[in-house]
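What follows is one structure encoded as structure tokens, with my remarks underneath.
The values are calculated or read from the model by the stated rules, or taken from the named source; none is laboratory data. Keep in mind that this is a model prediction, so the values were computed, not measured. Counting neighbours? That spans all protein chains shown, and the Cβs are built from the backbone with ideal geometry, glycine included. Side chains included, ligands, DNA and RNA excluded: accessible areas come from the protein's heavy atoms. Shrake-Rupley method; radii C 1.70, N 1.55, O 1.52, S 1.80 Å.
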Amino acid sequence: MSRTITIDRFLTKSEDWVPVKPDENYKQITARLWGKGLTLRGEVPGSAIAAARQYCAKAGQFLISRIDARHGAFGIVPEELDGALVSNDFPCFNIDASTVLPHFFEWYSRTPEFIDLCRRASEGSTNRVRMKEAKFLKMTVPLPSLDEQRRIVEKLDRVAALVDDRRNAIEAAERETQALLLKAFQRAIDGAPLRPMSEVAPLVRREVEIETDKEYTEIGVRSFYNGIFHRRTMPGSEFSWQSLFWVKNGDLVFSNLMAWERAIAVAEEHDEGTVGNHRMLTCEVNPNLATPEFLMAYFRTFEGFSSVVGHSPGTIARNKTLSSKKLPTILVPTPSLAAQRWYDSIEAKAREVRAIRASTAQDVEGLLPAMLHEIFVGRAKAA
């Protein structure tokens with residue numbers, strides 16, 4: 001793959017402008033970043049489009065964002081987006097298929113090398129960087145023969161299909177795991193009494209006596225049950241304006257501002273000795289009534305999460321707050337500790353399986369980038 005060609009040898013800019021009619025609906029396109037292609041942004045009436053005319057994109061054309069080309073915002077227009085309108089910031093190019101197969105170019109455009117090419121073709125200050133069309137068209141790309149292009153496309157398409165099959169299998173296995181966990185949880189709580197959080201896991205405020213010359217690590221809670229993270233470590237002098245509270249291993253922690261967005265987590269061993277501000281509501285689980293993992297499992301269920309939302313008054317995100325007065329009134333199921341530990345053991349096994357599955361998924365997702373590198377970079381170097 002030692003031969004190269006300038007992009008203007010096979011890309012020709014389309015000048016298919018169309019007038020925007022206020023009473024007609026038009027599809028609009030979004031270019032996803034990092035070579036992930038084009039997708040439907042939505043459909044709007046012409047009256048919602050400020051410009052009097054726009055480009056009409058055609059299936060098979062190469063569309064690129066002037067603003068985000070350096071971030072991989074481009075792709076081949078798929079059939080379902082044929083006729084969609086785009087602004088002048090999204091030039092469309094016809095591809096000369098007698099020189100470069102469109103699907104081959106689509107694969108090549110997903111490589112870091114092509115994204116770097118777009119970066120080098122972009123100029124401007126921080127907030128005004130734009131792809132310079134003339135410079136882009138004079139960039140060079142590898143040009144194997146048409147037969148070799150077909151072989152490369154067939155190989156990559158075959159691997160992509162296998163990757164999709166594996167990805168679908170992983171997603172199906174995860175759905176099955178979720179269904180089994182829910183069934184096991186429902187079995188564990190069948191007939192169990194409901195008790196308030198004030199009894200099962202009361203809110204505990206372990207106030208920190210801040211020392212100005214001592215360092216403290218402050219935590220936050222990620223949304224969508226994605227755990228606790230360590231926000232920052234700073235000397236006490238930087239925290240002098242606010243109250244801090246100790247976090248202990250096993251605490252059930254709620255972000256009062258984002259609990260409605262599933263910002264709930266269990267503190268782990270590495271979180272012991274960190275601190276939270278007044279927005280972090282720490283609940284110390286009564287070991288005679290519950291396990292932290294079981295309570296966390298409840299708050300992942302529809303009923304458990306609904307109870308959090310129901311105890312978070314407010315109509316918009318900024319004001320939708322789980323208060324320290326309402327949290328203790330939430331009712332939670334409390335089956336026997338034996339039943340809770342039985343469920344916890346099942347969930348622990350599910351976590352192990354998920355870890356293996358995640359590792360497999362990472363390997364699968366890395367396969368195509370590795371092949372693209374081998375085909376478009378490794379062979380070029382070898383040549």
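Can you name the helices (runs of 4 or more DSSP H) wholly within the range 279-383 that have at least 1 residues being open to solvent by 50 Å² or more (accessible area, probe 1.4 Å) and touching a residue at least 24 places away in the same chain (Cβ under 8 Å)?
Details: elements: 292-300, 302-310, 337-373, 379-382.
Those helices (runs of 4 or more DSSP H) span 292-300, 337-373, 379-382.
What is the residue count in the range 1-37 for residues that are among the basic types (Lys, Arg) and part of a strand (DSSP E or B)?
Initial filter on the range 1-37 (among the basic types (Lys, Arg)): 3, 9, 13, 21, 27, 32, 36.
Adding the requirement that they be part of a strand (DSSP E or B) leaves 13, 27.
Adding up the residues that qualify gives 2.
Given the conditions (1) part of a helix (DSSP H, G or I); (2) over 22 Å from the mean Cα position of the chain (by Cα), which single one is not true for Ala192?
(1)
Which condition from (1) closer than 30 Å to Gly310 by Cα; (2) in contact with a strand residue (DSSP E or B) (Cβ under 9 Å, 6 or more places away or on another chain); (3) open to solvent by 50 Å² or more (accessible area, probe 1.4 Å) is the one that Phe224 breaks?
So the condition that Phe224 fails would be (2).
Restricting the search to the range 195-218, which residues are assigned to a strand (DSSP E or B), over 19 Å from Val285 (Cα atoms) and open to solvent by less than 60 Å² (accessible area, probe 1.4 Å)? Lay out the reasoning, then the answer.
First pass over the range 195-218, keeping only residues assigned to a strand (DSSP E or B): 195-196, 203, 207, 215-218.
Subset that is over 19 Å from Val285 (Cα atoms): 215-218.
Of everything in the range 195-218, those that are assigned to a strand (DSSP E or B), over 19 Å from Val285 (Cα atoms) and open to solvent by less than 60 Å² (accessible area, probe 1.4 Å) turn out to be Tyr216, Thr217, Glu218.
Which one of these is modelled with pLDDT under 95 and open to solvent by 40 Å² or more (accessible area, probe 1.4 Å): Leu162, Leu143? Let's see the steps before the verdict.
Details: Leu143 fails: open to solvent by 40 Å² or more (accessible area, probe 1.4 Å).
Leu162 is the lone residue from the list that is modelled with pLDDT under 95 and open to solvent by 40 Å² or more (accessible area, probe 1.4 Å).
Please work out if Ala179 is of a type outside the set (Ser, Thr, Tyr), open to solvent by less than 70 Å² (accessible area, probe 1.4 Å), closer than 30 Å to Ala355 by Cβ and without any contact (Cβ under 8 Å) to a residue 60 or more places away in the chain. Steps first, answer last, please.
Details: of a type outside the set (Ser, Thr, Tyr): yes; open to solvent by less than 70 Å² (accessible area, probe 1.4 Å): yes; closer than 30 Å to Ala355 by Cβ: yes; without any contact (Cβ under 8 Å) to a residue 60 or more places away in the chain: yes.
Judged against the criteria, Ala179 is a match.
Residues are listed down the side, and each one gets a yes or a no for (1) touching a residue at least 60 places away in the same chain (Cβ under 8 Å); (2) open to solvent by less than 30 Å² (accessible area, probe 1.4 Å); (3) more than 20 Å from the chain's Cα centre (by Cα):
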{"site": "Thr30", "(1), (2), (3)": "no, no, no"}
{"site": "Leu38", "(1), (2), (3)": "no, yes, no"}
{"site": "Pro45", "(1), (2), (3)": "no, no, yes"}
{"site": "Ile67", "(1), (2), (3)": "yes, no, yes"}
{"site": "Leu81", "(1), (2), (3)": "no, yes, yes"}
{"site": "Leu85", "(1), (2), (3)": "yes, yes, yes"}
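From the list Arg130, Arg158, pick out the single residue that is touching a residue at least 12 places away in the same chain (Cβ under 8 Å) and out of contact with any Phe, Trp or Tyr (no Cβ under 8 Å at 6 or more places or on another chain). Show your work before the answer.
Numbers: Arg158 fails: touching a residue at least 12 places away in the same chain (Cβ under 8 Å).
Only one candidate qualifies: Arg130.
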